[in-house]
Amino acid sequence: MATQLLAEFPELSHLSREDLEDILTDPQYFQAIFHTLNQVKQLHQAQADLGLANETIAQNSLAYQEALYKLRSETMDAFNDAKQLEARWKEVEREQKEVYQRFSPQFLLMRLKHATTAQDELSEALATSFVQGSSSDPTGNGKDIDDFVKEFKELRKTYHKRVMWGDRWSTGQVH
């Protein structure tokens with residue numbers, strides 16, 4: 001066993017057997033001899049080199065820290081802006097849908113039907129008003145009749161045009 005020890009640690013070959021036994025019994029002597037061994041010195045040097053390398057890496061990492069914090073902040077701001085724009089996009093899309101809905105064929109046909117009904121009611125109201133007014137006006141002023149006929153004719157012409165457009169639309173002739 002002593003030969004194996006000396007083969008692995010040739011630095012101990014100059015020590016006597018009593019010195020080797022003292023190394024095993026005296027911890028301070030062991031430490032003094034242990035730290036003089038080349039393998040231990042190499043391990044300590046490797047450990048110191050690794051420590052320096054780690055320190056250099058840590059300093060390099062710290063040099064990037066401020067830039068990374070700034071980039072993180074900018075990224076967070078960009079993300080928040082994107083979220084706001086996304087919400088605005090949905091709002092604009094909803095508004096666009098509402099606008100387009102007002103120009104959809106179904107909506108336009110409904111508006112035409114309502115306008116046709118309103119035009120009919122307007123012309124009928126004019127006729128009713130004229131009849132009620134002429135029965136209370138015994139003068140029979142012809143100008144009033146001419147004005148009424150002209151206005152009534154225009155209202156009915158518009159009404160009939162709308163009816164024709166509605167009929168054409170219903171039969172698929174309007175695109």
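When you look at ALA118, is it free of Cβ contacts under 8 Å to residues at least 24 places away in the same chain, surrounded by 10 or more Cβ atoms within 10 Å (Cβ to Cβ) and either hydroxyl-bearing (Ser, Thr, Tyr) or farther than 30 Å from THR158 by Cβ (or both), yes or no?
Values: free of Cβ contacts under 8 Å to residues at least 24 places away in the same chain: yes; surrounded by 10 or more Cβ atoms within 10 Å (Cβ to Cβ): yes; either hydroxyl-bearing (Ser, Thr, Tyr) or farther than 30 Å from THR158 by Cβ (or both): no.
Against the criterion (free of Cβ contacts under 8 Å to residues at least 24 places away in the same chain, surrounded by 10 or more Cβ atoms within 10 Å (Cβ to Cβ) and either hydroxyl-bearing (Ser, Thr, Tyr) or farther than 30 Å from THR158 by Cβ (or both)), ALA118 does not qualify.
Do we have ALA67 as surrounded by 10 or more Cβ atoms within 10 Å (Cβ to Cβ) and either of a type in the set (Gly, Ala, Ser) or at pLDDT 90 or above (or both) here?
no
Give me the pairs: first residue in the range 28-54 and closer than 23 Å to SER13 by Cβ, second residue of a type in the set (Phe, Trp, Tyr), beta-carbon distance under 7 Å, and six or more apart or on different chains, which are they?
LEU37/PHE9; VAL40/PHE34
Looking at PHE103, PHE79, PHE130 in this structure, which one is of a type outside the set (D, E, K, R) and not in a helix (DSSP H, G or I)?
Just one listed residue meets the conditions, PHE103.
Kindly indicate whether any position in the range 157-168 is at pLDDT 90 or above and either among the polar types (S, T, N, Q) or more than 27 Å from LEU112 (Cβ to Cβ) (or both).
First pass over the range 157-168, keeping only residues at pLDDT 90 or above: 157-168.
Pick out the ones that are also either among the polar types (S, T, N, Q) or more than 27 Å from LEU112 (Cβ to Cβ) (or both) and you get 158.
Among the residues of the range 157-168, at least one is at pLDDT 90 or above and either among the polar types (S, T, N, Q) or more than 27 Å from LEU112 (Cβ to Cβ) (or both), which makes the answer yes.
Can you name the condition, by its number, that PHE107 falls short on among (1) closer than 22 Å to HIS175 by Cβ; (2) loosely packed, with under 11 Cβ neighbours inside 10 Å?
Single failed check for PHE107: (2).
Conditions tested, residue by residue: (1) at pLDDT below 90; (2) more than 30 Å from MET164 (Cα to Cα); (3) over 29 Å from the mean Cα position of the chain (by Cα).
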{"position": "ALA53", "(1), (2), (3)": "no, yes, yes"}
{"position": "ALA63", "(1), (2), (3)": "no, yes, yes"}
{"position": "ALA78", "(1), (2), (3)": "no, yes, no"}
{"position": "ARG94", "(1), (2), (3)": "no, yes, no"}
{"position": "SER123", "(1), (2), (3)": "no, no, yes"}
{"position": "ALA127", "(1), (2), (3)": "no, no, yes"}
{"position": "SER136", "(1), (2), (3)": "yes, yes, yes"}
{"position": "LYS143", "(1), (2), (3)": "yes, yes, yes"}
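All but one of (1) farther than 30 Å from TRP169 by Cβ; (2) surrounded by 10 or more Cβ atoms within 10 Å (Cβ to Cβ); (3) free of Cβ contacts under 8 Å to residues at least 24 places away in the same chain hold for GLN101; which doesn't?
Among (1) farther than 30 Å from TRP169 by Cβ; (2) surrounded by 10 or more Cβ atoms within 10 Å (Cβ to Cβ); (3) free of Cβ contacts under 8 Å to residues at least 24 places away in the same chain, GLN101 violates only (1).
Just to be sure before I move on: is THR56 surrounded by 10 or more Cβ atoms within 10 Å (Cβ to Cβ), of a type outside the set (A, V, I, L, M, F, W, C) and not in a helix (DSSP H, G or I) in the structure I sent?
In short, no.
The values are calculated or read from the model by the stated rules, or taken from the named source; none is laboratory data. Bear in mind that the values here come from a model prediction, so they are computed numbers and not experimental data. Neighbour counts are summed over all protein chains in view; Cβ atoms, including those assigned to glycine, are modelled from backbone coordinates with ideal geometry.
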